[in-house]
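A short worksheet on the structure shown next.
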Amino acid sequence: MTNMSNRLMPIEGTAVKYGEKLGIIQSISESSGKILASVKWFNGDGSKVNLQDLTCGFQRNMEVRHKPLSYSQKSLGCGNVVSVRIIGNREQVLVDFPDKGQQIWLPYESLKFIKGPKLRFFRRDKGAEDAAERFRLKSLAHAIDTWNENSGALSKLDIDPLPHQIHLVHHILAHGNLNWMIADDVGLGKTIETGMLLKALSQRGMARRILLVTPAGLTQQWKEELQNKFGFGDFRIYGENFTIDEPREWGMYNHVIGSIDRFKDPEHLMKLMHAEPWDIIIFDEAHRLSRRQNGMSFDSSMRFKLAKSLRKKTDALILLSATPHQGKHDKFVSLLELLRPDLKKEIGTLKLNPELLKEMLYRNNKSDVTDAEGNFIFKGKVTKAITVEVDQAFSAFDSDLQSYLRKGYAQAKSLGSAGNAIGFVMTVYRKLAASSAKAINSALIRRKVRLEGELGQLFSIEGLSELDQRYIGELEENFDYSAKEFFDGEIALLDELIAKSEILLLNDKKINEFLNGIVNQVLNNNLEEKILIFTEYRSTQNYLFEALSKRFSHSKVELINGSMKHQDRREAIKRFEGNGQFLISTEAGGEGINLQKNCHIMVNYDLPWNPMRLVQRIGRLYRYGQKKRVIVFNIHSPGTADEQIIQLMYERIGEVVNDLSTVGDEFHERLSDDILGEIVDLVDVESILQEATLEGIYRTQQKIDEALEKAKSAANVQQELFDHASSFDPNDLRGGFIPSVEHLTSFVESMFNYLGIQVIDKTHSGKVWQIRVSEELQDSLGMRKSRWDLTLDRVIASNREHIDVLDLDHLLMKHMLEVAKSYSFQGQTASIQSVELVTGSLFCGFLRWQNNQGVRQRQEYMTWYVDSHGDLQVNDPRVLDMFKSEFSSSIYTNELEQNKFHFKCLDISIDDKLAAFSSKWMQPENYEVVSAAWLTSDKP
């Protein structure tokens, strides 16, 4: 035997053996220099035995609970005995911990024999008087925790996830393979879906190292979104927030965002390839990764080569693109081969076997997505074109401006590539003129001042491609090229243009129509109506601000633009949604804002050349949560050549969208929104418009028609393939134990009661709890205060700083879940009074699957109801509804044979379920019955 001074003291509850007798240690004492153990033997007797005469009494399949040696260590939880061994003269027990998916050898002295649910069920142990309610709370705690792990939907998020976003995360995690193309329609929240996926993977310990590769202009936006909405505060932008001098420095950066065009540079790519492998790599706007096939050879872009190199550094690749096909099948196939190189042969026959996409491509359409109640999210919109007729003064100005532009474009053409900047300035002036008289007037004055040598340093046109694309409009209006004349006589022509533009400002028909037509018309119907106004340019924004402030006061008008800090924009929006009435936004200011709660009217004071920008503008109001029909006013002046072309572009896009949205003889409005997003992303209209002045309106119309016909054909081909992709199906989520708000509310209020937390008041229609925690609990959890205002409603909390969201990252919610799930909370078995179900048995527990390397990939928490005849229902909706209300105990239990019969039915169902969801990517891991109960009912 081991020397007693060097031996672990067994804990109370340890199973021991004395000769052939088995028993449980009740206590340890010392007498006459001997250490004695009080043992209760399994035959019912009890006695004191010299501790050194006892050996390990644990046997295979016994259930045990681990107790650590010190308070600084955490218990490994409950598990099942697999085997016993003697090594180094010490007795150890191999314990299978199903919740951890681990088998660990432990000293038997640190294990306590426990009665698990199955043993208690067979012994007809109904538990304490309130066992039924403890059963419910234990089951709910596991269900809540598991659903959050599978979807990330209940974590600390500054968003309210939609069903299609939750489903996407759950689908990818449950599939077993983490290589997917997410091709959701424009405006459905690929950023949010990505953030939720990363959050869920991080909670599972599967996303410690994350690399996100984006277009140059979106790196900062991604960083802001991941930090502000998902709590990822440690993402760093390569080349901006940090640089790498030596490969070992990569170890300091586990969450990295980088520009695709920076990473593709050979010098940076070499540094990147020295980094350790990544748990997951994500490419945003993956359609930019181009590889074209020429006969039997391939022409790969540097971007594609970057992605191919990085593919070797991860087992999980996510590609994001709303339009991955773009009518270019070879390019689409290349993306799929990059995503799933193991299926290269099958992908080669994609046209014959398009159902293959279901294993790698996920796409949702606006027309299909619903809210939690199954209602379609998008309520429809009305677009009204407001025409501003031009007068003689404007026609004269426009004629002189067109002459100026033609001379500028001619000079640019004569200089070749050296004249690119001149052409760029001419294009910007055209856009400014279409925006407002004030915008072009300001630009012309700046140009003249530049020629007179009174402006500061220039910035280069070469840098524009690396700038955040949201800010281009605000930056390009201040762009200038040279202090020398573009062409002879430029200053004289500028003087004429400036003088004529100032005459226009004295009687600006466009702003008069805006104020007296649109604004007055809206306010005549509702004096409190709020209006969102968009423009591309800051000069126009300031012009509108002064006009509205003069008529309605400064306190009613707010601005948001790219020069403002994130917090300043939030404050402006808060004022607008409070007492404000007008919000004027630029493209950069409007990116990421959601105003659907209090506003449904938008005015586009100018129309962007890139129609996708218009789709994105409308998306600020036309999104989930909008209770009214969105009304959009588009202002334009068809008297100018450029505005005629822009009007023509939008009309032709509308015709194509309407054509593709007609099924049979019926027009589908929801479908038209899907197609609009596809068409404007498939056609490069902006480049056509840039050439319009030189080519004339007829040739421009031809080019627009040709481009749209190609886009229409590409959209049809793309849709035929995407019909085979995975997508949101509300029925997929209805079969699981998904905790509702009623489940969460009931759990929280009952746990308040068990933990002695006082509810002082309930406000906001019962959605906010004002609570007081005891001093003991406050000290135990390290809480900074005893009184809290808590809610499950993210919207309420976002509008009130003193109210905290009780999400699964909140200290108190974590504690309540931990307590309810613990073994000491009891509730493993109970006898429950049932109203809805006939007499039978109810089981709750986990099914788990692992990947081919033994890493847990999927875990589902489920309920099984077995009636007296052995008929079994998995996640019966009636059972899930029962969990919304407090359980009452009864005195009923089955006989032993009936209990064994019901458990046999359970085992068969579990085995079938484990097999049904297994694949070549996922293998069954284990199952765990957490609780078992008898249901008593007055129903026959």
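When you check SER780 against the structure, is it over 22 Å from ALA131 (Cβ atoms) and assigned to a loop (DSSP other than H, G, I, E, B), yes or no?
no
Determine which single condition PHE825 fails, assuming it passes every other condition in (1) modelled with pLDDT of 95 or more; (2) of a type in the set (A, V, I, L, M, F, W, C); (3) out of contact with any Lys or Arg (no Cβ under 8 Å at 6 or more places or on another chain).
Condition (3) is where PHE825 drops out.
Have a look at THR323, THR370 and point out the one that is surrounded by 18 or more Cβ atoms within 10 Å (Cβ to Cβ) and polar (S, T, N, Q).
THR323
From the list GLN59, GLN73, which residue is at pLDDT 95 or above and of a type outside the set (A, V, I, L, M)?
GLN59
Within the range 158-168, which residues are hydrophobic (A, V, I, L, M, F, W, C) and either part of a loop (DSSP other than H, G, I, E, B) or touching a Cys at 6+ places or on another chain (Cβ under 6 Å) (or both)?
ILE159, LEU162
Would you mind telling me which numbered condition in (1) farther than 22 Å from GLY116 by Cα; (2) without any contact (Cβ under 8 Å) to a residue 12 or more places away in the chain THR839 fails?
The failed condition is (2).
If ARG613 passes every condition in (1) outside any helix (DSSP H, G or I); (2) at pLDDT 65 or above but one, which one does it miss?
Failed condition: (1).
Taking the range 311-320 on its own, how many of its residues are buried (at least 19 other Cβ atoms within 10 Å of the Cβ) and in a helix (DSSP H, G or I)?
Summing the residues that are buried (at least 19 other Cβ atoms within 10 Å of the Cβ) and in a helix (DSSP H, G or I) in the range 311-320 gives 0.
Give the residues of the range 477-492 that are crowded, with 18+ Cβ neighbours inside 10 Å and in contact with an Asp or Glu (Cβ under 9 Å, 6 or more places away or on another chain), sorted by residue number.
Passing the criteria: only GLU477.
Against the condition small (Gly, Ala, Ser), closer than 29 Å to THR146 by Cα and surrounded by 14 or more Cβ atoms within 10 Å (Cβ to Cβ), how does SER38 come out, does it pass?
no
Within the range 461-494, can you find the residues that are over 34 Å from the mean Cα position of the chain (by Cα), at pLDDT below 65 and over 16 Å from ALA412 (Cβ atoms)?
none
Tell me which residues, restricted to the range 112-153, are among the aliphatic types (A, V, I, L, M), assigned to a loop (DSSP other than H, G, I, E, B) and either modelled with pLDDT of 85 or more or surrounded by fewer than 22 Cβ atoms within 10 Å (Cβ to Cβ) (or both).
ILE114, ALA128
Name the single residue, out of those in the range 169-206 being in a loop (DSSP other than H, G, I, E, B) and within 15 Å of the chain's Cα centre (by Cα), that is surrounded by the most Cβ atoms within 10 Å (Cβ to Cβ).
Filtering the range 169-206 for residues that are in a loop (DSSP other than H, G, I, E, B) and within 15 Å of the chain's Cα centre (by Cα), the one surrounded by the most Cβ atoms within 10 Å (Cβ to Cβ) comes out as LEU188.
Restricting to the range 425-442, count the residues that are touching a Phe, Trp or Tyr at 6+ places or on another chain (Cβ under 7 Å) and in a helix (DSSP H, G or I).
9
Restricting the range 207-219 to residues that are over 17 Å from the mean Cα position of the chain (by Cα) and farther than 14 Å from ARG262 by Cα, which is modelled with the highest pLDDT?
Looking at residues that are over 17 Å from the mean Cα position of the chain (by Cα) and farther than 14 Å from ARG262 by Cα, I get ARG209.
What is the one condition in (1) outside the structural domain of ASP284 (by TED's automatic domain parsing); (2) over 30 Å from VAL519 (Cα atoms); (3) touching a residue at least 12 places away in the same chain (Cβ under 8 Å) that SER334 does not satisfy?
The failed condition is (1).
Of (1) touching a residue at least 40 places away in the same chain (Cβ under 8 Å); (2) more than 30 Å from GLY88 (Cα to Cα), GLU109 satisfies all except one. Which?
That leaves (2) as the condition not met.
With the requirement that a residue be in a helix (DSSP H, G or I) and among the aliphatic types (A, V, I, L, M), what does the range 903-940 give you?
Of everything in the range 903-940, those that are in a helix (DSSP H, G or I) and among the aliphatic types (A, V, I, L, M) turn out to be LEU906, ILE908, ILE910, LEU914, ALA915, ALA916.
Of all the helices (runs of 4 or more DSSP H) wholly in the range 518-601, which have at least 1 residues that are of a type in the set (D, E, K, R) and under 17 Å from ARG620 (Cα atoms)?
566-577, 587-590
So for the range 540-548 (the condition being out of contact with any Leu (no Cβ under 6 Å at 6 or more places or on another chain) and closer than 24 Å to GLY408 by Cβ), does at least one residue qualify?
yes
What strands (runs of 3 or more DSSP E) completely inside the range 46-108 contain at least 2 residues that are surrounded by 18 or more Cβ atoms within 10 Å (Cβ to Cβ)?
63-66, 78-87, 90-97
Among the residues of the range 132-143, which ones are closer than 17 Å to GLY845 by Cβ and either free of Cβ contacts under 8 Å to residues at least 60 places away in the same chain or not polar (S, T, N, Q) (or both)?
ARG134, PHE135, ARG136, LEU137, LYS138, LEU140, ALA141, HIS142, ALA143
Quick one: is GLY176 within 28 Å of ASP96 (Cβ to Cβ), in contact (Cβ under 8 Å) with a residue 12 or more places away in the chain, in contact with a Phe, Trp or Tyr (Cβ under 6 Å, 6 or more places away or on another chain) and not assigned by TED's automatic domain parsing to the domain that holds CYS78?
yes
When the residues of the range 543-556 are narrowed to those that are free of Cβ contacts under 8 Å to residues at least 40 places away in the same chain and under 23 Å from GLU477 (Cα atoms), which ends up nearest to the chain's Cα centre (by Cα)?
Ranking the candidates gives PHE545 first.
The values are calculated or read from the model by the stated rules, or taken from the named source; none is laboratory data. Predicted, not measured: the structure shown is a model, and the values here were computed from it. Cβ coordinates were reconstructed from backbone atoms using ideal geometry, including for glycine residues, and neighbour counts include every protein chain displayed.
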